[in-house]
Amino acid sequence: MSAPEEKTTDAVVAALLEENRVIPPPDHFRAQARLRDESLYAEAARDPEAFWAQQAQRLTWFKPWDKVLEWNPPEAKWFTGGRLNASYNCLDRHIKSGLRNKAALIWEGEPGDTRTLTYWDLYRDVNKFANVLKSLGVKKGDRVALYMPMIPELVIAMLACARIGAIHTVVFGGFSPESLQDRINDAQAKLLVTADGGFRKGSILPLKHDADYALSKCPSIEKVIIVKRDEFPLRVREGRDHWYHRLMQDAAPWCEPEPMDAEDVLYILYTSGTTGKPKGIVHTTGGYLTGVAATTEWVFDLKADDVFWCTADIGWVTGHSYVVYGPLLNGATQVMYEGSPDWPDKDRFWRLVDKYGVSIFYTAPTAIRTFMKWGPEWTQGSDLSSLRLLGTVGEPINPEAWMWYYKYVGRERCPVVDTWWQTETGMIMIAPLPGLTPAKPGSATRPLPGVSAAVLDDQGGEIPVGGGYLALTRPWPAMLRGIWGDPERYRTQYWSKWREDLYFTGDGAKRDEEGYYWLLGRVDDVINISGHRIGTMEVESALVDHESVAEAACVGISDPVKGEAIAAFVTLKDGSLPQERMDEFLKRHVEAKIGAIARPGKIIFTGDLPKTRSGKIMRRLLRDIAEGRLLGDITTLADDSVITNLKKKYEEE
Ligand code: ATP
Ligand code: MG
C-alpha cells in the first residue's frame, strides 16, 4: 500500500486508500481450474437471458419453462411456467446418478461427536420428515419456522419443507425468544421445528426452553417438533409438542416431491439487521436454485473430490445458499460444525480442516479479524495442506486481514475469493473466478458472468472510475422477489433511489481503472468531513493496517468546524503497547496512509465492538453512543454488555 497525496474530491463517496498489491492465481491452481479464460463472461454479455437459461439446465425440471424472464420493474419472474422441486434437485437425482453413497454432510458437534450422512442417508430422512410434516397438517405454501443448532436435522427439515412445497423460515439459534417471536409472527408460521438444545462455547443453548417463551405470544403455531440433541431439560406440552425421533420411527420412507412452479416461494429469511429492523426477504425456486448452483461451481471451482466447508450458520443467507442449496445441488461433500471456533481452543477450525481434509474454506472477515487478534501461532500447529481455496463474505475485508488469511491460512498457495452479495441477492454477485482473476486484497473484483453492476452518483449517472453507490442494473435469477407482507417497502427500499429498474444495494463502492469493485461500507455509515464523503471501510482499513490493531469501526461525530469528525473504536491485538501510547501513533498512521482529512478526532479503545449475531459491526449503535442518543434497535445485537460497557466508557471520557 502506498500513501497517496491527499485527494480533494467531491465524489459521492471519496476513495482515499490506494491498494496496489495484485495477487494472480498461482500457476498450479490455474492449471487445474474449471474456468481459466474470459469465455463465460463473453457468453453472458452476448445474451444474458440465453446465458441464464443455459445455466438453468444444471437443474432437473419436471416441466420446462415457457419464458426465461418477465421483467416488469421492479417485479421479475424467471423461468415462468417451469416446474421443479428443490429437494429433488439436491437429492433424488444424485441417488440415481452414482452419488448415492457419497458423503453429503460430515458433521461434527462442538463436544466432538461426529456423524456422516451420505446422499442416500439424507434422501431417506428428508422423505420421512416430509411425511411427518404432512401428517401434522403442513401443506404447500404454509410457513414452517426452524429454530435449531447447526445439526444435520436442520438441513433435513429445510429440504423436507421444500419437498412438500412448504416455505421454511430459519431463525438463527442464537437469537433471543423475542426475535424468534417477531419472525414467527411476521411469517405467520404454522409449525416450529426446534431442538432440546445445542452446544456453543462449552455451554448450552436452551432452544426449546427459549422457544416456549416465544410461543406464549405466537398464536399461529399449531405444532412443535423437538429434535433431541442431548439430554437437555425441557417441558413437553401434550398435544402441541412432538419428538422428532418418535415421529420419524413411524414415517413412510417415500414422499412424492411436489412439482413447484419456478416462482413458488422456497423460503423467507430475515436480514441480519445491521442497519435497522430485519426484513423478511422472499426467495423463489427456479431462479434461486439456478443462481446458487452456478455460482457455487464458478466461485469455489468446485470439483467432485472437494471437501467444502462454509462456516456460516444456516440461520444466515450464506448458510442457505452455500451450506444447503449450492453444495447439495452440486453433489458436493461438506463439513458442518456445530460450535464455536475457540472451543476447546483457538485452533478448533484448523484441527477440523486437517481432520476432514477440507479443500475449500469459506468464512467471514469478522472471523478472520478474530484469528488475527488471537495471533498466527494458532494456525501454525496444523498442516492445512489440504486447503486449495479460501473465501470470505459478510463485510468488506480490510486488505491486511486479506493478507493475513492468504499468508497464515492459505500459506500463500491458495487463492482468496472475496465474495460480495446480500440476503436480497440470494447468490454471490461480485467475486473473482479463482483460476482467472488476479486478486487485489480488499476488492471483491468483478461482477460474475450474467451479473450487471455499476457505481452510480446521486442522479443515477454512471461513475466508471471512482466512488459512489453500488447498483445492480439488470435482474438476476436469484434476486429477491419481495419483502414478506410489505410490497411497498420492497419498492421504496430497493427500487426507488433512481429508476425502478435499478436496484440500490445500500452499499458504497469504488470502481477502479480495471473495472474492479472495492466495497466502501454502507452508504448510511458514510462520514462527511468538510464536504468529503468518506466510506468507513477506508479509514478502518488504514487502522487495521497498523500491526497492533485487530479491528476498528469508524463513525462520524458532529464537529462545529468540519461538520463531522471521525471517532474510531479500536480493538488492539493481544500483547500490543498500552493504549495511551497507541492513540497518537494510530492517528498519525491514518494520516500517513490516507491523508490528514481522515485523521480520527478521537480514538476509543475497546475489547469488543458491538456486532450483529452474524458478526457484522453495528456502526449505527456506535453513532448513537458517540452522539449521546438513545440506542436504536438492539434486538440483533450479539452481546448487549459490549454496548453498555462502551457507553459507560464513552460517557466517562
Ligand atoms: P440489514 O440489511 O438488515 O441491515 P445486512 O445488510 O447486514 O443487514 P446481509 O444481507 O446479511 O444483511 O448482508 C449483506 C451486506 O453485507 C451487504 O450489503 C454488504 O454491506 C455486506 N457485505 C457482504 N459481503 C461483502 C463483501 N464481500 N464485501 C463488502 N461488504 C460485504
Ligand atoms: Mg442489507
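The values are calculated or read from the model by the stated rules, or taken from the named source; none is laboratory data. As the structure is a prediction and not an experimental result, all values here were calculated from the model. All Cβ positions, glycine included, derive from the backbone under ideal geometry; neighbour counts span all protein chains shown. Heads up: the accessible areas ignore ligands, DNA and RNA and are worked out on the full protein's heavy atoms, side chains in. Shrake-Rupley method; radii C 1.70, N 1.55, O 1.52, S 1.80 Å.
The table below gives the values:
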{"read-out": "Extension gain from Asp250 to Phe605, taking 0.36 nm per residue of separation minus the Cα-Cα distance", "value": "122.0 nm"}
{"read-out": "Arg36-Thr60 pseudo-label distance in nm [points 7 Å out on the Cα-to-Cβ vector]", "value": "3.3 nm"}
{"read-out": "Restricting segment 156-221 to trypsin sites (Lys or Arg not before Pro) in coil, as DSSP defines it, with at most 13 other Cβ within 10 Å", "value": "Lys201, Lys217"}
{"read-out": "Cα-Cα over 25 Å, subset of Lys279/Lys497; Lys96/Lys303; Lys102/Lys134", "value": "Lys102/Lys134"}
{"read-out": "Where the chain is the region considered: accessible area per residue in Å², 1.4 Å probe", "value": "36 Å²"}
{"read-out": "Segment 526-652: relative contact order in percent, alpha carbon pairs under 8 Å with at least 6 residues between", "value": "21 percent"}
{"read-out": "Globularity index of the chain, i.e. its alpha-carbon radius of gyration over 2.2 N^0.38 Å", "value": "0.93"}
{"read-out": "Low-density loop positions, GluC sites (Glu not before Pro), segment 218-299 - DSSP coil, at most 14 other Cβ in 10 Å", "value": "Glu231, Glu238"}
{"read-out": "Loop-resident sites, segment 367-449, for GluC sites (Glu not before Pro), counting at most 11 other Cβ within 10 Å (DSSP)", "value": "Glu412"}
{"read-out": "Sequence-distant aspartates and glutamates (8 or more away, or on other chains) whose Cα lies within less than 16 Å of Lys373", "value": "Asp342, Asp345, Asp347, Glu400, Glu540, Asp545, Glu547, Glu551, Asp574, Asp608"}
{"read-out": "Relative contact order of the chain, defined on C-alpha pairs under 8 angstrom at six or more residues apart (%)", "value": "15 percent"}
{"read-out": "Within the chain, longest stretch clear of exposed chymotrypsin sites (Phe, Trp or Tyr not before Pro) (DSSP loop, no more than 16 other Cβ within 10 Å)", "value": "255-653"}
{"read-out": "Cα Rg over Rh - segment 213-365, Kirkwood", "value": "1.00"}
{"read-out": "Over the chain: helical MRE at 222 nm, DSSP H runs n ≥ 4 each giving -39500 (n - 2.57), nearest 500", "value": "-8000 deg cm²/dmol"}
{"read-out": "Antiparallel DSSP beta bridges within the chain, as percent of all bridges there, nearest 5", "value": "60 percent"}
{"read-out": "DSSP-defined antiparallel bridges as percent of all bridges, segment 526-652, nearest 5", "value": "80 percent"}
{"read-out": "FRET efficiency, Lys140 to Arg46 (Cβ-Cβ, R0 56 Å, nearest 0.05)", "value": "0.90"}
{"read-out": "Label-to-label distance, nm, for residues given as Ile95 and Lys201 (7 Å Cα→Cβ offset)", "value": "4.1 nm"}
{"read-out": "Global form of segment 526-652, assessed from the alpha-carbon gyration tensor, a/c cut-off 1.5", "value": "oblate"}
{"read-out": "Kirkwood Rh, Cα atoms: Rg over Rh of segment 19-155", "value": "1.06"}
